Amino acid sequence: MVDILEVRDLRKAYRGFTLDGVSLAVPRGYIMGLIGPNGAGKTTTIKILMNMIRADGGEVHIFGLTHRESEREIKSRVGYVGEEQYFYMDKRVAWTGRFVSQYFERWDATRFAKLLDDFGIDPKKKIKSLSKGQKVKLSLAIALSHDPELLILDEPTAGLDPVIRRDVLDMLMRFRDDGERSVLISSHITDDIMRIADYVAFIVEGRIAINAEKDEIMANWKKIHFRDGAIDSSIVSSLANVGRHTFGCSGITDRYGELREALAPAVTAGDVKVENVSLDDVLIAFVKGGKR
């Protein structure tokens with residue numbers, strides 16, 4: 001499997017925050033979701049990937065190339081949508097497309113016009129008259145109109161209504177489905193990542209806490225509900241976010257595959273119940289539950 005994006009030991013220090021040894025790999029033909037709470041380092045990581053800020057250390061390879069030697073080629077093959085949408089607000093949508101087109105050799109004006117039509121954006125409208133959702137869709141139309149091989153998106157669905165969010169997510173899956181193109185999308189909306197991602201990386205306090213296939217994460221992470229004394233104390237001590245409830249106690253494990261056999265007798269006896277978790281639950285286990 002060929003990685004379209006590879007990040008090794010990325011580091012960046014600010015006063016009060018450090019990006020500490022971030023490593024990621026996005027295979028060609030897949031979507032990776034980068035999840036983390038606000039301030040965890042998602043935007044810093046993405047800005048380094050786009051060479052908008054310089055890392056203090058580490059390496060970034062996109063298409064096997066580096067910005068140091070091949071920045072123009074990389075950016076001609078990457079579609080980028082940032083957390084904020086910056087446009088000339090008094091200009092029209094059509095003018096914006098023509099303005100941006102001069103920076104991309106493979107710009108396809110016909111595709112841009114079709115995407116505007118698909119997204120319901122009037123090319124004659126001024127940017128300042130567009131809603132937030134329309135501005136995000138315009139950014140996506142621009143990002144897709146020069147035939148990119150990789151999309152890098154920083155919180156593109158934040159603040160959008162559910163209908164527009166679903167449209168954007170469906171579009172990203174169609175982009176990925178030819179097996180040759182990939183997406184890296186950061187978000188703190190874990191439902192979006194759950195819907196579309198093949199791989200998930202959790203970033204917490206500037207470090208990667210998990211980087212794995214989504215299905216592997218969901219298979220290993222489970223919520224365990226248990227009656228007092230029903231399971232070994234060593235298992236209880238390994239759980240995150242342990243609390244009491246009407247059934248007894250509950251906690252989250254990240255190694256259910258290892259524990260399945262040991263828990264089986266108590267599950268059969270009705271003293272233990274195993275429940276699927278959400279990506280939110282996994283994130284909270286790292287942020288508040290002591291997992292590192």
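Looking across Gly21, Gly29, Gly39, one residue alone is more than 14 Å from the chain's Cα centre (by Cα), within 18 Å of Thr157 (Cα to Cα) and assigned by TED's automatic domain parsing to the domain that holds Leu169. It is Gly39. Scanning segment 223-234 for residues that are within 27 Å of Leu283 (Cβ to Cβ), more than 31 Å from the chain's Cα centre (by Cα) and buried (at least 19 other Cβ atoms within 10 Å of the Cβ) gives Phe226, Ile231. Scanning segment 124-158 for residues that are under 16 Å from the mean Cα position of the chain (by Cα) and in a loop (DSSP other than H, G, I, E, B) gives Glu155, Pro156, Thr157, Ala158. One residue alone among Ser250, Ser237 is surrounded by 16 or more Cβ atoms within 10 Å (Cβ to Cβ) and either hydroxyl-bearing (Ser, Thr, Tyr) or at positive phi (or both), and that residue is Ser250. Would you pick out the residues in segment 108-145 that are in contact with an Asp or Glu (Cβ under 7 Å, 6 or more places away or on another chain), modelled with pLDDT of 95 or more and either closer than 23 Å to Asp178 by Cα or surrounded by 18 or more Cβ atoms within 10 Å (Cβ to Cβ) (or both)? Result: Asp108, Ser145. Scanning segment 184-202 for residues that are of a type in the set (Val, Ile, Thr) and either surrounded by fewer than 24 Cβ atoms within 10 Å (Cβ to Cβ) or in contact with a Ser or Thr (Cβ under 7 Å, 6 or more places away or on another chain) (or both) yields Ile189, Thr190, Ile193, Ile196. Residues in segment 187-228 that are within 24 Å of Thr45 (Cβ to Cβ), in a loop (DSSP other than H, G, I, E, B) and either of a type in the set (A, V, I, L, M, F, W, C) or not assigned by TED's automatic domain parsing to the domain that holds Thr43 (or both): Ile189, Ala197, Trp221. Against the condition under 22 Å from the mean Cα position of the chain (by Cα), within 23 Å of Leu169 (Cα to Cα) and surrounded by fewer than 21 Cβ atoms within 10 Å (Cβ to Cβ), how does Gly64 come out, does it pass? No; evaluated as a whole, the condition is false for this residue.
Of the residues screened, Glu180 is not one that is without any contact (Cβ under 8 Å) to a residue 40 or more places away in the chain, farther than 15 Å from Pro37 by Cα and surrounded by fewer than 16 Cβ atoms within 10 Å (Cβ to Cβ).
The values are calculated or read from the model by the stated rules, or taken from the named source; none is laboratory data. This structure is a prediction, so every number in the text was calculated from the model and none was measured. Positions of Cβ are generated from backbone atoms using ideal geometry, with glycine treated the same way; all protein chains shown enter the neighbour counts.
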